[in-house]
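First comes the structure, then the notes that go with it.
Values quoted throughout were computed directly from the atomic coordinates according to the rules given, and no laboratory measurement underlies them. Worth saying up front: this structure is predicted, and the values here are computed from it rather than measured. With ideal geometry, Cβ positions are generated from the backbone for all residues, glycine too; neighbour counts draw on all protein chains shown.
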Ligand code: ZN
């Protein structure tokens, strides 16, 4: 790219930074994120270099089994989803508090826009997999007070709210049972509280339960097109049709395994493959309902992109494919703001 090309501000639908910071056992992960160099996809220096203006920051409770594999000292009996959730929420707050005004937790689309205009990182609190929430959802108001604006009740496993999407490649999103009755109650509560409901890890049945129950636009924050890459996590033609009908939104996932036709995690994946998914989504959903949902720090991304600093390469690939600067602007930011405004009402 020419040195003079202005950075395209990007608002992004999903990252797992908080999980990575929480998993770090040594040092001060917040200081390293803000002022140092980190090994994953995201740190403040590279965020600013890539034009990453903000996004949904996920809180995620890894299953005890995963924890035992990554931390030898982890004891299953100590597994406390509520404590893990609150620790990750606290990390987001610490980033804001210790950033010298360079990062802020946002609760409205107006706040996000204001942050982007001033070059302040706009962070939205999202929960992926509501393992820590009890049947009465009694923790929800406290989390909303801390900034929560979006929730995916299910991840890939079963919890009290239902069954998430499971199964290997290639496969359909149909993994049997969907949301439980408390899961349906949670959807209604999210509608009342104007929380975004994320469809990205819903299986076939739960997807359609959300489509029937929710009065909000249908949003998949970080999913791709099943017809191109038949991962169970990707969206079928019927699902995309329902999203379009609801005036919803899909954020493209940067994960190689969700992009490639062979479903492999191979990072030798050209950015044109991401453009293929964008093309298909634009065809199905139109120009106003497509954006980005990187999944940074949660998956392996194409080498050509590398990490968050590589975002200008993605916008260059869009321009190369003939996307107008207005369309690139919509995909990178404006469509996200539009659907958030519609969902949140502000
Ligand atoms: Zn996810």
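For region 229-341, the convex hull drawn through the C-alpha positions has a volume of 98 cubic angstrom per residue. Considering only alpha-carbon pairs that sit under 8 angstrom and 6 or more positions apart, the relative contact order computed for the chain is 19 percent.
With r defined as the distance between the Cβ atoms of residue 341 and residue 319 and R0 fixed at 35 Å, what FRET efficiency is calculated, to the nearest 0.05?
About 0.85, to the nearest 0.05.
Quick check on the chain: helices-only [θ] at 222 nm, where DSSP H runs of length 4 and up contribute -39,500 (n - 2.57) each and the sum goes over total residues. Nearest 500, please. Roughly -11000 deg cm²/dmol at 222 nm, from the helical runs in the chain. Peptides 119-125, 293-299, 129-135, ordered by how many other C-beta atoms sit within 10 Å of their residues on average, highest first, read 293-299, 119-125, 129-135.
How big is the antiparallel share of DSSP beta bridges in the chain, given as a percent to the nearest 5? Percent antiparallel among DSSP bridges in the chain is about 10.
Per residue, the convex hull spanned by the Cα atoms of region 10-344 amounts to 122 cubic angstrom. The distance linking region 11-83 with region 116-132 is 13 Å (Cα centroid to Cα centroid, whole angstrom). Protection proxy ranking of 68-76, 141-149, 246-254, by the mean of other Cβ atoms within 10 Å over each peptide's residues and highest first, is 246-254, 141-149, 68-76.
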